[in-house]
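Quick notes on the structure that follows.
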Amino acid sequence: MRFIQPCIFIILAQDLIVSGTATSRGLKKAKKSKKTSKIETIVEFLPFALNLMDDMNAQLCNIGNVTEACEQVTGLVAAGAQFTDTIAPYYSANYRAMTLSYPTFSLGPRPLFIQAIRIHRTLGLGNSLRLQGHAEETVNKAYWNHWNLLKSEDENMVSLGDGIETYCRYISNEYETLKAFAVDNFDEDFSASPFFGASPMYNFCMTPDVFVSYIARSDWEHHRREVIGSLMSTKDMKAIVVYTIWHWESLFAGAIPDGGNLVIDQLIKSFTAFIPNQAN
């Protein structure tokens with residue numbers, strides 16, 4: 001399955017994995033006195049993620065044989081310039097993660113793609129708490145917790161269990177339920193997607209490529225949490241639901257030969273949902 005053509009098969013020259021644990025990136029503890037409890041200052045995750053993505057972008061573009069991938073990233077950044085000042089910074093950062101992950105999907109389980117998609121999943125999982133009304137301090141702690149958990153999962157991918165078919169059918173049904181919910185409750189027109197009337201989630205999940213199946217399942221887990229979290233916030237609900245559907249429809253569009261433009265169009269649609277007044 002391809003997101004943006006043509007596929008690029010390389011082995012990155014450098015290890016782009018950054019540990020990213022809250023402790024190694026600057027968890028600072030101070031003791032005021034023996035009678036007071038520890039005061040913990042946690043590094044803000046969002047600036048950390050943005051700086052990391054800038055570094056990843058620079059390293060990718062400094063590798064001589066991936067010029068096309070670098071150009072695709074640059075093009076997606078330009079296409080999303082409208083989001084810089086129009087949507088919340090945590091959504092804008094998530095779009096930035098997409099500008100790196102979409103062009104590098106064809107690299108397979110390489111550090112650059114895994115790092116970018118980990119940022120995407122972390123931001124969604126943290127946002128699920130924000131949508132439920134948690135304070136930003138709690139959300140930031142959640143970011144780091146999810147980042148470290150996903151890092152552990154990404155580095156220890158396990159083989160598919162004998163219940164994979166049941167698992168994939170279950171999450172496929174969840175996605176179909178979400179689409180039906182959107183049709184019943186919102187006026188968004190999804191007719192531009194050639195897959196909206198089909199059920200591609202099952203096949204995406206059931207692919208014999210263990211890595212792709214893992215990414216599909218792990219990505220859905222965070223989107224599910226984010227959607228459910230949005231049900232607690234009527235002002236955010238439509239934007240999250242519409243964003244989630246267009247995001248997945250754009251992934252499915254990657255299966256179409258020469259479907260790169262459709263992939264990008266639907267990716268842009270997903271984040272346009274966060275522009276104020278777009279979701280009303």
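Sort the range 199-280 into rounded, prolate or oblate with this rule: let a ≥ b ≥ c be the square roots of the eigenvalues of the Cα gyration tensor; rounded if a/c is under 1.5, and if a/c is not under 1.5, prolate when a/b is larger than b/c, oblate otherwise.
oblate
By its C-alpha gyration tensor, with a ≥ b ≥ c as the square roots of the eigenvalues, how is the range 89-133 shaped: rounded for a/c under 1.5, else prolate for a/b larger than b/c, else oblate?
Verdict is prolate for the range 89-133.
Can you spot the aspartates and glutamates whose alpha carbon is less than 18 Å from Lys179's alpha carbon? Ignore those fewer than 8 places along the same chain.
Reachable aspartates and glutamates: Asp187, Glu188, Asp189, Asp219, Glu221, Glu226, Asp236, Glu249.
What is the ratio of the Cα radius of gyration of the range 135-280 to 2.2 N^0.38 Å, where N is its residue count, to two decimals?
1.10
Would the range 237-280 count as rounded, prolate or oblate if I go by the C-alpha gyration tensor, calling it rounded below 1.5 in a/c and otherwise prolate when a/b exceeds b/c, oblate otherwise?
prolate
How large is the dipole of the range 218-280 about the Cα centre if only Lys and Arg carry +1 and Asp and Glu carry -1, each at its Cβ, rounded to the nearest 20 debye?
Its charge dipole is roughly 280 debye.
Read the figures in this text as sums done on the coordinates, not as results from a lab. Computed from a predicted structure; not experimentally measured. Cβ: placed from backbone, ideal geometry, glycine included. Neighbour counts: every protein chain shown.
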